[in-house]
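Following: one structure in structure tokens, then a few remarks.
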Amino acid sequence: QFDVVISDLNLPGKLNGIDILDAVKTITGKIEAILITGRGSEEIKSKADSLGAAYLEKPVQLKELENALQRRIGR
């Protein structure tokens, strides 16, 4: 069991971070998520928002990641 999924949006192969998040949500029902990308767009940001995921752009600063994690899992 885990508290949060962190995935890059652009992955090698056929799946991307949104596909991964959709698959995890299918299995777990609900999961907190942080999606990261170096090539963002408004469409991708909108999709992340619709999935309830935090969205960070590379290069990610440690404080940004820490803040996103605290908002997602409340620790």
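A few notes on this one:
- Amide H to amide H, with H built 1.01 Å from N, D8 comes under 5 Å of I36, counting only residues 5 or more places away or on other chains.
- Accessible area of the chain belonging to carbon and sulfur atoms, whole % at 1.4 Å probe: 51
- Relative contact order (percent, whole number), the chain, Cα cutoff 8 Å, 6+ residue spacing: 30
- Max mean-square fluctuation residue, GNM over the chain, Cα-Cα springs under 10 Å, options E32, E57, E43: E43
- Inter-site label distance for D19 and N67 at 7 Å from Cα along Cβ, in nm: 3.2
- The GNM of the chain, with springs linking C-alpha atoms under 10 angstrom apart, assigns the highest mean-square fluctuation among G29, G40, G52 to G29.
- Solvent-accessible surface of the chain, averaged per residue with a 1.4 angstrom probe and all protein chains in place: 67 square angstrom.
- Per-residue surface analysis assigns S50 an accessible area of about 90 Å², computed on protein heavy atoms at 1.4 Å probe radius.
- For A33, distant residues with modelled amide H under 5 Å away: V5, A54
- The chain: C-alpha gyration tensor shape, a/c 1.5 cut-off, then a/b vs b/c: oblate
- Exceedance of the 23 Å cut-off in Cα-Cα distance is limited, within the set K25/K47; K14/K63; K25/K45, to K14/K63.
- Think of the chain as having a plus end and a minus end, set by charges on the Cβ of Lys, Arg, Asp and Glu; of G13, S50, I27, I27 sits farthest toward the positive end of this dipole.
- L9 accessible area, assembled protein chains, probe 1.4 Å, Å²: 10
- Computed [θ] at 222 nm, helices only, for the chain once each DSSP H run of length n ≥ 4 contributes -39500 (n - 2.57): -13500 deg cm²/dmol
The values are calculated or read from the model by the stated rules, or taken from the named source; none is laboratory data. No experiment lies behind these values; they were computed from the predicted model shown. A quick note on method: Cβ atoms are made from the backbone with ideal geometry, for glycine too, and the neighbour counts reach across all protein chains shown. The protein model used for the area step is the full one, side chains on, heavy atoms only, and it has no ligands, DNA or RNA in it. Shrake-Rupley method; radii C 1.70, N 1.55, O 1.52, S 1.80 Å.
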